[in-house]
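Notes follow once the structure below has been shown.
The values are calculated or read from the model by the stated rules, or taken from the named source; none is laboratory data. If you're wondering where the values come from, they're calculated on a predicted model, not measured in any experiment. With ideal geometry, Cβ positions are generated from the backbone for all residues, glycine too; neighbour counts draw on all protein chains shown. SASA here: full protein model, heavy atoms, side chains in, ligands and nucleic acids out. Shrake-Rupley method; radii C 1.70, N 1.55, O 1.52, S 1.80 Å.
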Amino acid sequence: MATGLIRNVTWRTVSLLLLDAILIVAAVATGAYIRLGSTWWSFLVDGRLLPKALLVALVCQLCLY
């Protein structure tokens, strides 16, 4: 068990943070699909969507926790 900034970090905490990040990335992908229509897949394949979605997830996680 590793120690965090204030309290111990457990597997439960890590799994919840990971699930939050996955849900945020899924929300960004859904928003891209709604906004761009059928061309959103090209942004995902080109590698332009995933880094941006991960950055959004990181910023949201930092703001939430």
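A cut-off of 5 Å between modelled amide H atoms, ignoring neighbours fewer than 5 places along the same chain, links residue 9 with 2, 3, 4. Over the residues of the chain, the helix contribution to mean residue ellipticity at 222 nm works out to -25000 deg cm²/dmol, using -39500 (n - 2.57) for each DSSP H run of at least 4.
For the chain, what does the relative contact order come out to in percent, with C-alpha contacts under 8 Å and a separation of six or more?
Values: 29 pairs, mean separation 20.9, N = 65.
After rounding, I find 32 percent.
Can you give the accessible area per residue of the chain, in Å², using a 1.4 Å probe? Let's see the in-between values first.
Details: 5430 Å² over 65 residues.
Accessible area per residue: 84 Å².
Probe radius 1.4 Å, ligands and nucleic acids ignored: give me the carbon and sulfur share of the accessible area of the chain as a rounded percent.
Details: 3900 of 5430 Å².
About 72 percent, which is the carbon plus sulfur part of the accessible surface.
Just reorder 22, 34 by solvent-accessible area, largest first, 1.4 Å probe, all chains present.
34, 22
Work out which trypsin sites (Lys or Arg not before Pro) in the chain are exposed loop sites (DSSP not H, G, I, E or B, at most 15 other Cβ within 10 Å) and give the longest gap free of them. Display every interim value, and only then the final one.
Numbers: sites that count: 7, 48.
Looking at the chain, 8-47 is the longest stretch - no exposed trypsin sites (Lys or Arg not before Pro) with at most 15 other Cβ atoms within 10 Å.
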